[in-house]
Every structure is written in C-alpha cells, then in structure tokens.
Amino acid sequence: MSGITTGNNTSTVITNIGELMTQDLEHRVLKDAAVVIEGERIAWMGSSADAPSADEKIDAGGRAVLPGWVDSHSHLVFAGDRTAEFEARMAGESYSAGGIAVTTGATRSVSDEELTRLVRERVAEAVSQGTTYLESKTGYGLDVENEARSARIAAAEVDEVTYLGAHLVPAGADAEEYTDLVCGPMLDAVLPHVRWADVFCERGAFTEDQSRRVLTAARNAGLGLRVHGNQLGEGPGVALAVEFAAASVDHVNYLSDKDVAALAETWAGWDPATGAGTKGTVATCLPACDLSTRQPLAPGRELIDAGVQIALAANCNPGTSYTSSMAFCVTTAVLQMHLSVHEAVRAATYGGALALGRESGNDVDGERAVGSLAVGHRADLHMLKAPSATHLAYRPGIPLTHSVWRAGVRVV
C-alpha cells in the first residue's frame with residue numbers, strides 16, 4: 001500500500017505491535033501488526049511488514065494494543081468524601097442506598113468552578129489508565145437547580161451524560177411528589193444536556209411503579225433508557241428494563257432464571273457476527289462495586305453463556321466504587337467471574353459501546369464507532385506495557401498502560 005494522503009490531517013503509523021486485539025465483529029487478534037491513524041479515524045490496519053508511510057512513525061516495540069476502554073457507567077459529578085462509610089462497611093455494616101444523601105449535601109455546597117475541577121480530574125485519571133470514552137450520570141443534585149447544573153457540567157467534560165434524578169428520594173421529601181418532580185420540571189431542566197435517563201429501581205430508592213413513571217417520562221422526552229437494577233436482591237429492575245427496551249440494566253447481582261432468560265430473549269433478533277438486527281438490553285456488570293459492597297459478583301459467565309451481551313464498567317462514585325480503573329474490572333472479571341481475557345476486554349470495550357449505542361459508525365455514517373478497532377472507526381487506542389492483553393489478568397494490580405490515543409490524539 002502506498003503512503004497515506006492526509007490533507008489537513010496529520011497521520012501516524014504505529015508498527016511492530018505484538019498483539020492487536022481489535023474487538024471487531026470478527027473478533028480478530030492480529031500479530032506483528034500495524035495501525036495508521038489519520039485525524040480522528042483509523043485509516044489502515046494490517047501486517048507491520050505492509051504498513052504504509054505516514055507523517056509520524058511509532059515503534060510499539062512488540063507491545064499489545066487494544067481499543068480504549070469504554071466506561072458506560074460512572075457517577076463523576078460529586079464533591080465530598082465517604083471514607084467513614086466505607087470503613088464501616090468493611091467492618092461489617094451492610095450497604096444501603098441512603099449514603100447518597102451525604103454526597104448530595106457536599107455536591108450542592110461547592111461552586112460550579114470547583115465541581116468542574118473535580119470532574120475534570122476524574123476524567124483525566126480515567127484517561128491515564130486507558131479509558132477513551134466515558135459516560136457519567138447526574139444524581140447528586142436531587143433538586144431542579146443542582147441536577148441541571150450537574151448535567152451541564154458533565155456535558156462539557158464527558159462523552160455521554162445520563163440523567164439520574166431518580167437516584168434517591170431526598171430526606172424529608174414525599175416520594176410521590178419527588179417522582180413527579182423528576183418526571184416533570186427536573187427532566188425539562190436537564191434535557192438540553194443529556195442523552196440518557198436512568199432510575200435506581202431498588203429497595204430504599206424507587207419502587208417499581210415510581211420507576212415505571214420515570215422511564216415513561218424519559219422515553220416520551222426522547223431519551224434513551226437505562227436502569228439500575230437487581231443490585232441488593234431480586235426485584236423488578238431487569239423486567240422493567242426489558243419491558244422498556246432499555247439500552248442497559250446495570251448491577252444485575254441477583255438474577256433469577258427468569259431474569260436471565262428475559263435478557264437473553266432481547267438479543268434473539270440480533271446477529272453478533274454482523275451487528276445486524278435489533279439490539280437487546282446489555283447487562284452491565286460492576287465488579288469493583290460488588291467487591292466494595294460485599295455483594296456477590298454479577299453472574300457474567302452465566303449471562304454470556306445464555307446469549308446476553310454484557311459490559312464491564314467501573315461505576316466510579318464516592319460511596320461504593322471509588323475507582324476509575326477499568327483494568328481492575330477486567331482483572332476481576334477474569335479471575336473471579338470466570339470470563340476469558342478476550343471476553344473481559346470485549347465487555348470493557350465493545351460491550352460498553354453497545355450499552356451506549358456507539359458500537360457502529362464509520363466514514364459513511366459520520367458518527368464513528370468506539371470500542372473496537374477497524375478502518376473508519378474512531379482512533380481510540382490503548383497500548384500496554386506488555387506483549388499481550390493476557391497480562392491484564394496475569395499481572396493483577398500492575399499499571400500496564402503505556403500510551404493512549406483518544407480520537408486520534410495521543411493523550412498519554
């Protein structure tokens with residue numbers, strides 16, 4: 001192949017890649033590979049020996065390259081600290097949703113500038129570890145003014161914003177009146193800044209009926225839907241997510257056989273080999289949260305075996321999962337959830353993209369796919385200080401990020 005013509009876009013060729021784990025529809029893993037980045041896109045992939053020339057050349061030195069992590073579930077817009085709650089939980093106290101109120105008070109008390117600084121620092125921390133596409137929720141404002149502020153700040157700092165006014169009923173508020181607020185004035189206030197809506201359908205948070213009202217209002221407003229469900233016990237979260245054709249249901253620690261079958265049925269009309277057909281509801285597993293709350297790990301192996309598409313996400317939040325390490329989630333999924341390395345990396349890249357509706361798109365579509373590596377997709381690359389992705393689980397706890405490209409720009 002001849003040299004890449006770039007026009008106004010500079011081009012970079014990365015050669016001598018020991019293992020290129022594409023996580024594309026064909027699940028290709030290329031050895032001794034090369035990638036050409038042109039602007040924000042992947043322009044070429046193939047054998048290192050056949051790599052075209054480019055404006056810049058980088059020798060990977062035999063290191064592995066995989067797609068940047070796609071973290072489809074986080075709560076980055078917050079202030080304050082809940083170390084004492086964590087210590088108490090580690091000493092034997094059980095987790096309940098009530099700690100959210102502590103963070104709400106702290107978040108409301110800081111300035112826009114301070115809250116923006118905190119979010120920006122958390123995004124930078126995630127990117128430094130290989131995350132290149134990031135969702136964040138609101139949910140620590142819990143009144144019209146502060147939820148709108150959280151949505152506005154998040155929209156300026158992350159890739160996808162989810163409205164989570166239905167995180168917890170604030171202390172002293174009537175649950176039915178607050179649900180009306182979430183479905184009405186609060187929804188209207190955040191709408192210019194968000195693409196998704198979520199509800200915490202769990203004991204101590206929102207009932208099935210209240211959750212249904214929230215999801216109905218959000219759907220009528222044109223938002224995509226997500227559900228926090230089945231975290232603290234079996235409940236209606238999964239069934240609601242299926243009923244509303246939600247893009248994802250997250251946590252999924254406690255699943256009945258009926259829940260697993262219902263999620264699997266949502267994927268019956270989708271072809272994983274081509275990406276064609278109607279997508280189902282992604283089951284998003286949050287292993288760092290599971291360990292911190294001492295809940296059973298989500299049954300990722302069972303879900304995959306049943307035909308459910310899963311995602312892994314960090315769930316960075318101050319109460320139950322104060323980490324943005326997607327590598328930690330991948331390691332846990334392999335060592336404790338019985339996923340293969342390829343399955344775990346796929347769940348943390350392509351699976352997250354599926355949950356956010358960003359798994360497809362190329363030069364023709366205009367909106368470039370994330371979470372997988374193919375020509376025309378967004379150039380989000382994560383180079384490891386290791387010859388293969390297997391080292392993520394083989395060397396647990398070791399920081400293995402060497403370099404990161406986000407939309408074609410080297411950021412680490």
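Comparing mean-square fluctuations of His75, His342, His382 from a GNM of the chain with C-alpha springs under 10 Å, the top value falls on His342. Summary of the geometry: region 119-141 and region 354-412, compared by the centres of their Cα atoms, lie 16 Å apart. Only DSSP H runs of four or more residues enter the estimate; each adds -39500 (n - 2.57), and after division by the residues of the chain the mean residue ellipticity at 222 nm equals -9500 deg cm²/dmol.
Ranking Glu125, Glu26 from most to least accessible surface, computed with a 1.4 Å probe over the protein chains only, gives Glu26, Glu125. By DSSP, the beta bridges lying fully in region 36-167 are antiparallel in about 35 percent of cases.
Residues whose amide H comes within less than 5 Å of that of Lys57, counting only those at least five positions distant or on another chain, are Val13 (H built at 1.01 Å from N in the peptide plane). Heavy-atom accessible area for Tyr163, with the other protein chains in place and a 1.4 Å probe, reaches approximately 10 Å². From the cross-link list Lys57/Lys385; Lys31/Lys279; Lys31/Lys137, which pairs have alpha carbons spaced over 29 Å apart? From the list (Lys57/Lys385; Lys31/Lys279; Lys31/Lys137), the Cα-Cα distance tops 29 Å for Lys31/Lys279; Lys31/Lys137. Among beta bridges from DSSP that stay inside region 69-355, the antiparallel ones total about 10%. Take each peptide in 46-53, 218-225, count the other Cβ atoms within 10 Å of every residue, and average; sorted highest first, the result is 218-225, 46-53. Within the assembled protein chains, the solvent-accessible surface assigned to Tyr322 is about 130 Å², based on a 1.4 Å probe. Karplus-derived 3J(HN,Hα) values for region 43-56, using 6.51 cos²θ - 1.76 cosθ + 1.60 with θ = phi - 60°, are 9, 6, 9, x, 5, 4, 5, 9, 5, x, 6, 8, 5, 10 Hz; glycine and proline are entered as x.
Each peptide among 140-153, 174-187 gets the average number of other Cβ atoms lying within 10 Å of its residues, and from highest to lowest they stand as 140-153, 174-187. Amide H contacts for Asp143 (H built 1.01 Å from N in the peptide plane; partners 5 or more residues away or on another chain; cut-off under 5 Å): none found. For a distance above 16 Å, tell me the whole-number percent of Cα pairs in region 259-305 that qualify. That fraction is 49 percent. A dipole drawn for region 69-355 from +1 and -1 charges on Cβ atoms has a positive end, and of Ala175, Pro185, His75 the residue lying farthest that way is His75.
Protection proxy ranking, highest mean first, for peptides 274-283, 293-302, 63-72: 63-72, 274-283, 293-302, where packing is the per-residue count of other beta-carbon atoms within 10 Å, averaged. Plainly put, region 69-355 has a radius of gyration that is 0.93 times its Kirkwood radius, both from alpha-carbon atoms, as the Rg/Rh ratio.
Based on protein heavy atoms only, the chain ends up with 37 Å² per residue of surface accessible to a 1.4 Å probe. Helix 100-109 axis versus longest C-alpha principal axis of the chain: approximately 80°, rounded to the nearest ten.
Phi angles of region 251-256 translate, via the Karplus equation with coefficients 6.51, -1.76, 1.60 and θ = phi - 60°, into HN-Hα couplings of 4, 6, 6, 10, 10, 7 Hz per residue; Gly and Pro are given as x. The HN-Hα couplings worked out from phi for region 327-333 by the Karplus form 6.51 cos²θ - 1.76 cosθ + 1.60 (θ = phi - 60°) are 4, 4, 5, 5, 4, 4, 4 Hz, whole numbers, x standing for Gly and Pro. What dipole magnitude, in Debye to the nearest 20, does the chain give about its Cα centre under +1 on Lys/Arg Cβ and -1 on Asp/Glu Cβ? Roughly 820 debye, rounded to the nearest 20.
The values are calculated or read from the model by the stated rules, or taken from the named source; none is laboratory data. Owing to the predicted nature of the structure, the values given are computational and were not obtained by experimental measurement. Counting neighbours? That spans all protein chains shown, and the Cβs are built from the backbone with ideal geometry, glycine included. Accessible surface is based on the protein model in full, side chains and every heavy atom, while ligands, DNA and RNA are left aside. Shrake-Rupley method; radii C 1.70, N 1.55, O 1.52, S 1.80 Å.
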